[in-house]
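Below is one structure, written out as structure tokens; the observations come after it.
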Amino acid sequence: MKLAHPDWNHTLEWDSLHPGSLVLEHPLIYRAVTEDLVRQERGEEGVVVLSEGSHLCTLHHEGILVRDLWSVDVNAKKLLHGVYRCLNQLIQEEHYDRLLEMQSQMTALLEKVSEETMLPLEWELPEDAMPMLKAYGVSLEEEEDLLGRLVDMVRLSNEYLKSRFLILIGVRSFWTEAETEAFCRDLAAMAVPVLFLDPVEQKRMEGERRLVIDADQCELSFP
């Protein structure tokens, strides 16, 4: 992965085995880059360029952006919909007879209710299991531990949304060095590159690639 900015002379490169760290000590630069990434996450254009080889990466479709550890939610609408798609496909391919059986039972129930109430009811059976999954409120059990919940969210996003990289903004200060290193090992095992974006420097991990834009806007690169 590579991050470039039109106002900077240096780029930052990292991969799943070598975490990236972008330290922006000037508050206005830190805020501007954060706002830029948030816009890109929403699908809007930005000036920060993310790439992998010759491929330009879109944060909206291919990345995960986390700005607040307490807002990490494995049942977020986008991720849960990806899980639903997978479950629906499995039901269609492996358990279609059970789905037809449930639809038949529902039809019989509606016919009985229509007869008892003498109401001319009409209904339309769904073509797949998606409405059933939503009606039953199918969701994923969440880890209580913040770090474990984030690992789960990344794993699920990688599997069900094909997310390729993770950017964490301002969260490294909440972890110990041991927790940060353990988290990076978990992501390396999933082959998911992680970039930490922070306003202050933390102790460098072994193999970490770092770019610092200090308070005087001087660039310091640590490959």
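The values are calculated or read from the model by the stated rules, or taken from the named source; none is laboratory data. Here the structure is a predicted model, which is why all the values come from computation and not from measurement. Cβ coordinates were reconstructed from backbone atoms using ideal geometry, including for glycine residues, and neighbour counts include every protein chain displayed. Each accessible area value is taken on the protein alone, full model and side chains, heavy atoms only, with ligands, DNA and RNA left out. Shrake-Rupley method; radii C 1.70, N 1.55, O 1.52, S 1.80 Å.
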Open item on the list: If I model a spin label at ALA135 and PHE222 as a point 7 Å from the Cα along the Cα→Cβ vector, what separation in nanometres do I get?
Closed with: 5.7
TODO: Keeping every protein chain in place, order SER157, SER16 by accessible area at 1.4 Å, biggest value first, i.e. largest first.
DONE: SER16, SER157
TODO: Taking trypsin sites (Lys or Arg not before Pro) as candidate sites, keep only those in a DSSP loop with at most 11 other Cβ atoms within 10 Å, then name the longest stretch of the chain containing none of them.
DONE: 43-161
Task: Estimated FRET transfer efficiency (ARG204, LYS78; beta-carbon r; R0 22 Å; 0.05) - done: 0.10
Open item on the list: Under a crude label model (7 Å from the Cα following the beta-carbon direction), how far is LYS112 from ALA4 in nanometres?
Closed with: 6.7
- [ ] Can you send over the solvent-accessible area of HIS18, 1.4 Å probe, protein chains only, in Å² to the nearest 10?
- [x] 60
Task: Förster radius 35 Å - calculated FRET efficiency between TRP123 and GLU44, Cβ distance, rounded to 0.05 - done: 0.25
Open item on the list: At 0.36 nm per residue, and after removing the present C-alpha to C-alpha distance, how many nm does the segment from ALA191 to ARG98 gain when stretched out fully?
Closed with: 29.8 nm
- [ ] Find the Cα radius of gyration of the chain, compare it with 2.2 N^0.38 Å by division, and give the number to two decimals.
- [x] 1.34
Open item on the list: Charges at C-beta only: +1 for Lys and Arg, -1 for Asp and Glu. How large is the resulting dipole of the chain about its Cα centre, in Debye rounded to 20?
Closed with: 440
Open item on the list: Projecting each Cα onto the charge dipole of the chain (Lys/Arg +1, Asp/Glu -1 at the beta carbon, about the Cα centre), which of LEU17, LEU100, LEU87 comes out farthest on the positive side?
Closed with: LEU17
Open item on the list: Need one number: % antiparallel among DSSP beta bridges in the chain, to the nearest 5.
Closed with: 40
Task: Cβ-Cβ FRET estimate between LEU28 and ASP68, R0 fixed at 30 Å, reported to 0.05 - done: 0.90
Open item on the list: At 1.4 Å probe size, with the rest of the protein present, what percent of the exposed accessible area of region 96-223 is carbon and sulfur atoms?
Closed with: 51
Open item on the list: Using helices alone, I'd like the mean residue ellipticity at 222 nm for the chain: each DSSP H run of four-plus residues gives -39500 (n - 2.57), total over residue count, nearest 500.
Closed with: -13500 deg cm²/dmol
- [ ] Please give the per residue accessible area of region 144-223, computed with a probe of 1.4 Å over protein heavy atoms only, in Å².
- [x] 48
- [ ] Could you do me a favour and compute the accessible area per residue for region 22-140, 1.4 Å probe, result in Å²?
- [x] 67
- [ ] Would you mind telling me the share, in percent, of accessible area of region 1-68 contributed by carbon and sulfur at probe 1.4 angstrom?
- [x] 49
